[in-house]
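Encoded as C-alpha cells, the structure appears first; notes follow it.
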Amino acid sequence: MLVDSHCHIDGEQFDADRDEVVERAREAGVEIMLNVGTGDPHSDDFRRAVAVAEKYDNVYASVGVHPHDAKLYDDAAEQHLIDLIRSSGNVIAWGEIGLDFYYDHSPRDVQMEVFRRQIKKARELNVPIIIHSRDADDETVEILTEECGIDDFRGGIMHCFGGTPEMAEKLMSLGFLISFAGNVTFKKAENLRDAARVVPLDKLLVETDCPFLTPVPFRGKRNEPAYVEHTARFLAEFYGIEFEELADQTTENFLSFFGINLVTDQHGFPPIDRIHN
Ligand SMILES: [Zn+2]
Ligand SMILES: [Zn+2]
C-alpha cells in the first residue's frame with residue numbers, strides 16, 4: 001500500500017481520463033492521494049481541487065496559495081481558503097505555501113509576507129501545512145523557524161524536497177515530514193539523494209507532484225499517482241530495504257500524521273481540531 005502525498009489531479013491535464021487515473025492508482029496499490037489545490041484564489045480553482053476529493057473516497061485535498069500566486073493573496077482569498085477548510089472534511093491541510101525564487105512569479109517580499117500570513121492562519125485553524133521551496137532554502141528555513149518553532153505547532157510536509165541534508169534535519173526538528181518526488185530518481189540528482197540519506201524511514205513520504213516530475217522510467221511523459229511506486233521502489237533500493245517495508249512505513253507516516261484510520265472510517269473523518277465559530 002502506498003500514499004501519493006502530493007498530486008494535482010484536478011488539473012486540466014487529467015480532465016479526459018481522471019477516473020482511469022484514479023483507478024490505475026488503486027491498481028498500483030496507491031490507496032490514498034493528497035490532491036493539492038493551486039491557482040487563483042479568486043476563481044473556482046480551489047473549489048475544483050476540493051471537488052475531486054469529494055468525488056473519490058481515497059482522495060483528500062489541501063488548499064493554499066502557491067508562492068507563484070502570492071501577489072493575488074488578500075483578505076477575500078484568505079476567507080475563501082478558510083471557508084473551504086471549515087466546510088469540507090476532505091480538506092486536511094493548508095498548502096502548498098512557501099517560496100519560489102527560481103521562477104519569481106510574485107515579488108519576493110510579497111511571497112515572504114504571504115507565506116508568513118498563511119502559516120499564521122493555518123496555526124489558528126490547527127491544520128498542518130504543505131511547504132513548497134525552490135531556490136529559497138535559507139529564507140524558507142528562517143521563516144519556518146520563526147513561525148513554527150513553537151510547542152503547539154501541528155507540523156507539516158516539506159514537499160518535493162530539494163534542499164541540503166542540513167535543511168532536512170532542521171525541518172524534521174520543527175515537526176516536518178520530508179517528501180521526495182520523482183526527481184530523486186534522476187541520474188544527476190545526487191544532491192537529493194544526499195538529503196535522503198539523513199531522513200529516517202519514519203519521517204519519509206513519497207509523492208508524484210503529478211503531472212510534473214515523472215520518475216524514471218517514464219520520464220518525459222505525463223506523471224500520475226500510479227507512478228509513485230517507481231519513486232518508492234527507487235528509494236527502497238537506495239536505502240537497502242524491501243519495497244514493501246518502505247511502502248508500508250511511508251503509508252503509516254502519512255496516516256498517523258493526519259489521523260486517518262482506514263479501518264474505521266475511510267472518508268469524511270474529522271482529521272483535525274477545527275475552530276468552530
Ligand atoms: Zn510545489
Ligand atoms: Zn505541487
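The values are calculated or read from the model by the stated rules, or taken from the named source; none is laboratory data. None of these values were measured; they are calculated from a predicted model. Cβ placement follows ideal geometry from the backbone for every residue including glycine, while neighbour counts extend to all protein chains displayed.
Residues in region 176-188 that are surrounded by 18 or more Cβ atoms within 10 Å (Cβ to Cβ) and free of Cβ contacts under 8 Å to residues at least 60 places away in the same chain: how many?
7
State whether the residues of region 112-134 include one that is farther than 19 Å from residue 208 by Cβ, within 16 Å of the chain's Cα centre (by Cα) and among the basic types (Lys, Arg).
Scanning region 112-134, I find no residue that is farther than 19 Å from residue 208 by Cβ, within 16 Å of the chain's Cα centre (by Cα) and among the basic types (Lys, Arg), so the answer is no.
Going through 75, 57 one at a time, which residue ends up being modelled with pLDDT under 95 and farther than 19 Å from residue 211 by Cα?
Within the list 75, 57, the selection yields 57.
So which residues in region 93-131 are crowded, with 21+ Cβ neighbours inside 10 Å, among the aromatic types (Phe, Trp, Tyr) and not in a strand (DSSP E or B)?
115 - this is the single residue of region 93-131 that is crowded, with 21+ Cβ neighbours inside 10 Å, among the aromatic types (Phe, Trp, Tyr) and not in a strand (DSSP E or B).
Out of 76, 49, report the one residue that is touching an Asp or Glu at 6+ places or on another chain (Cβ under 8 Å), among the hydrophobic types (A, V, I, L, M, F, W, C) and touching a residue at least 24 places away in the same chain (Cβ under 8 Å).
49
Quickly run through region 99-127 and pick out the residues that are in contact (Cβ under 8 Å) with a residue 40 or more places away in the chain and in contact with a helix residue (DSSP H, G or I) (Cβ under 7 Å, 6 or more places away or on another chain).
99, 110, 111, 114, 115, 121, 125, 127
Mind checking which residues of region 172-197 are under 18 Å from the mean Cα position of the chain (by Cα) and in a loop (DSSP other than H, G, I, E, B)?
174, 175, 181
May I ask you to list pairs of residues, at least six apart or on different chains, whose Cβ atoms are under 6 Å apart, with the first in region 224-238 being under 12 Å from residue 180 (Cα atoms) and the second being charged (D, E, K, R)?
228/4
Filter region 8-29 for residues that are within 15 Å of the chain's Cα centre (by Cα) and closer than 12 Å to residue 224 by Cβ and give the result.
8, 9
How many residues does region 42-65 contain that are within 30 Å of residue 117 (Cβ to Cβ), in a loop (DSSP other than H, G, I, E, B) and under 18 Å from the mean Cα position of the chain (by Cα)?
2
Go through the residues of region 137-158 one by one and say whether even a single one is touching a helix residue (DSSP H, G or I) at 6+ places or on another chain (Cβ under 7 Å), more than 18 Å from residue 73 (Cα to Cα) and within 13 Å of ligand 1 (Cβ to nearest atom).
Yes, some residue in region 137-158 is touching a helix residue (DSSP H, G or I) at 6+ places or on another chain (Cβ under 7 Å), more than 18 Å from residue 73 (Cα to Cα) and within 13 Å of ligand 1 (Cβ to nearest atom).
Could you list, in sequence order, all residues of region 149-171 that are over 15 Å from the mean Cα position of the chain (by Cα) and modelled with pLDDT of 95 or more?
Answer for region 149-171, where residues must be over 15 Å from the mean Cα position of the chain (by Cα) and modelled with pLDDT of 95 or more: 163, 164, 165, 166, 167, 168, 169, 170.
Just checking, how many residues over region 23-52 are within 14 Å of residue 3 (Cβ to Cβ) and more than 16 Å from ligand 1 (Cβ to nearest atom)?
The number of residues fulfilling the criteria is 7.
Select from region 74-92 the residues that are under 13 Å from residue 61 (Cα atoms) and assigned to a helix (DSSP H, G or I) and list them in ascending order.
Within region 74-92, 81, 84, 85, 86, 87 qualify.
Is it the case that region 12-32 has a residue that's within 11 Å of ligand 2 (Cβ to nearest atom) and closer than 26 Å to residue 263 by Cα?
No, there is no match, as no residue in region 12-32 is within 11 Å of ligand 2 (Cβ to nearest atom) and closer than 26 Å to residue 263 by Cα.
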